[in-house]
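Engineer: Can you read through this structure? Questions will come right after.
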Amino acid sequence: MTANVAGYLLQLLAGRWLGVAGYSEFASLLAVQLLCAVPALAMQNVVAREVVRGADLGAVRAMQWRCAALVAAVAVVLVPVVAGLLHVGVWAAAAALGAAPALVVLSGEQGILQGGNHFRALAAVLAMAGTARVAPALVALALGGGAAGALWAGAAGIVCAAIIAGRIARSTARELEPDVRTAAHPGQLGRELDAGAAARPGQAGREPDARAAARPGQAGRELDAGAAAHPQQAGVREGSSIPASASPHVGAGGSRRSATDDRESAGGGPQSAGAKNRTIGVLPVLRAVQVQAALMALSSADLIVVRIVLDDVDASRYSLGTIATKIAFWLPQAVGVVLYPRMAQPTHSARAIRDALSVLSIIGVVAVLGAALAAPLAPLFAGQDYAPIQGMLWLFALHGAILAVLQGALLSAIAVERTALAAVTWIGLVLEVTLMLTFARTIGALITTAVSVAAVTTLIVAVVVLRTAARATTHNPAPTVSTGSVS
């Protein structure tokens, strides 16, 4: 939420300081920067999915840096293309593209936190990154640095945020190392206890004796219950020096859970040797990139088209109206972040997708109503030059709300690796741009076209995703877990 509010503040102040003649350039470059963030968004989703499946963090970070280098090379090639297409300076185009590699690294660290269900640390990183990106840009605008200066300042802030995010992710991982080691090596704790017993030979005998004296029949009943619940683990516990009664994983009602079970229920997934040691290639990221690219292109294409079909004044007005679109689009971002680890698990995917789409739809309705009620206040914040669009702000918000639902549906496609579904979004993008370039010559016509195409595209994708998830759940029913009880 902090990052989103900071982004909206940047655009509102830029609209005032740059004026209706200069804001369209800044908004178009921001749209380009958003498109350049597509690899970063895909990186976060892929990293989160791999962490849920137990991938080694070293392999994840190696893949992250390979992708960042690839994005940097592509950004260099695109600088003159963007400058010529948008009629802006090379320095300004380079500023819009310069943050792309750092965004990839930043998003990779966010994916590590998301996949590990460390949402408190993730929230801190997201808030910090949003502030680090916006605050320097605002200072640059206030000092008269223009669009290029603001974008370069924002890029520097993103680099700093990526460094800090990496430290937070590593610190969080180090704090959890003892639990992870116990899950991966159940006999290790026993060896450590043996070492402790060797150091204090008298203590080891007194503790079981004291416990047995206090509860003479308890130890036997616990061992019997544990063996009944997990017969495959009985031999392991007998061979180690850990008595069953000392197991820390005892659930409500006496049911026993291993450390691995706890990690799986939290979304961590089992860490097999193959999962930890395998190399993660760039190809999964590229498949996710084309999904995110389709979504971001569909949400940003209108900002680029307006520079072609409208004059500078109307283009700036339309661009400011898209702030309502961005609010409705990014406001429910936390829904996908929190539910994504569940989407990546086949047995929970269908329920998680239904929950996500339902919540996103409800938030979208609230956003549209809020935009309609707050519309008369828009000229007070942005200036009277933008008064002509206040009656259409609800349409801009509706566009963002529909795209938020589409984003939730496409996230689920990435989670279960069914990324071919993005073809529907690409078709919608082509249709939208064609209709806008052919028929739309006013602000109202442009936003109506964008809303209509987004609605049809979202409906098709949502229906396909829900049906596919339902079939997957049918073929992968949730396993029945036997639990023992302590009498």
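The values are calculated or read from the model by the stated rules, or taken from the named source; none is laboratory data. Just so it is clear, the structure is predicted and the values come from calculations on it, not from any experiment. Note that each Cβ is placed from the backbone with ideal geometry, even for glycine, and that neighbours are counted across all protein chains shown. Note: accessible area is taken over every heavy atom of the protein model, side chains too, but ligands, DNA and RNA are not part of it. Shrake-Rupley method; radii C 1.70, N 1.55, O 1.52, S 1.80 Å.
Engineer: Where Rh is the Kirkwood radius over the Cα pairs of region 71-110, the temperature 25 °C and the viscosity 0.890 mPa s, what D in µm²/s does Stokes-Einstein return?
Structural biologist: Translational diffusion coefficient: 234 µm²/s.
Engineer: So how much slack lies between Val464 and Phe439, counting 0.36 nm per residue of separation and subtracting their Cα-Cα distance, in nm? The partial results should precede the final answer.
Structural biologist: Working: separation 25, 0.36 × 25 = 9.00 nm, distance 3.03 nm.
Residue separation times 0.36 nm, minus the Cα-Cα distance, leaves 6.0 nm.
Engineer: Any idea of Ile389's accessible area? Nearest 10 Å², probe 1.4 Å.
Structural biologist: It works out to around 10 Å².
Engineer: What are the semi-axes of the equivalent ellipsoid of region 122-163, taken as the square roots of 5 times the eigenvalues of the Cα gyration tensor, listed largest first and rounded to whole Å?
Structural biologist: Numbers: eigenvalues 85, 17, 6 Å².
One finds semi-axes of 21, 9, 5 Å for region 122-163.
Engineer: Can you sort Arg120, Arg53, Arg16 by solvent-accessible area, 1.4 Å probe, largest first? If you can, show how the numbers build up before the last one.
Structural biologist: Values: Arg120 210, Arg53 85, Arg16 125 Å².
Descending order: Arg120, Arg16, Arg53.
Engineer: Give me the net charge of Glu417's neighbourhood, meaning all other residues with Cβ under 10 Å from the Cβ of Glu417; Lys, Arg count +1, Asp, Glu -1.
Structural biologist: Value of the local net charge: +3.
Engineer: Right, here's the next one. So, counting K/R as plus one and D/E as minus one, what does the shell of residues with Cβ under 10 Å around Ser24 add up to?
Structural biologist: Combined, the nearby Lys, Arg, Asp and Glu give -2.
Engineer: Per-residue accessible area for Met63 at 1.4 Å probe radius, Å² rounded to 10?
Structural biologist: 0 Å²
Engineer: Note the full-extension length gain between Leu380 and Val456 as 0.36 nm times their separation in residues minus their Cα-Cα distance, in nm to one decimal.
Structural biologist: 23.9 nm
Engineer: Rounded to the nearest 0.05, what FRET efficiency is calculated for Val77 and Ile163 with R0 set to 35 Å and r the Cβ-Cβ distance?
Structural biologist: On the way: r = 26 Å, r/R0 = 0.75.
Once rounded, the FRET efficiency stands at 0.85.
Engineer: Also: Can you tell me, using C-alpha contacts under 8 Å and at least 6 residues apart, the relative contact order of region 72-111 as a whole percent?
Structural biologist: Taking the mean separation of contacting Cα pairs over the length of region 72-111, I get 40 percent.
Engineer: Report Arg174's accessible area, 1.4 Å probe, all protein chains in place, as a number in Å² to the nearest 10.
Structural biologist: The accessible area comes out at roughly 140 Å².
Engineer: Next up: So for Phe439, Phe396, what's the accessible-area order with a 1.4 Å probe, most first?
Structural biologist: Ranked from most to least accessible, the order is Phe439, Phe396.
Engineer: Here's another thing I want to ask about it. Sum up the charges of everything whose Cβ sits under 11 Å from the Cβ of Val291, counting Lys and Arg as +1 and Asp and Glu as -1, but leave Val291 out. Please list the in-between numbers first.
Structural biologist: Values: positive: Arg287, Arg418; negative: Glu417.
Local charge sum for Val291: +1.
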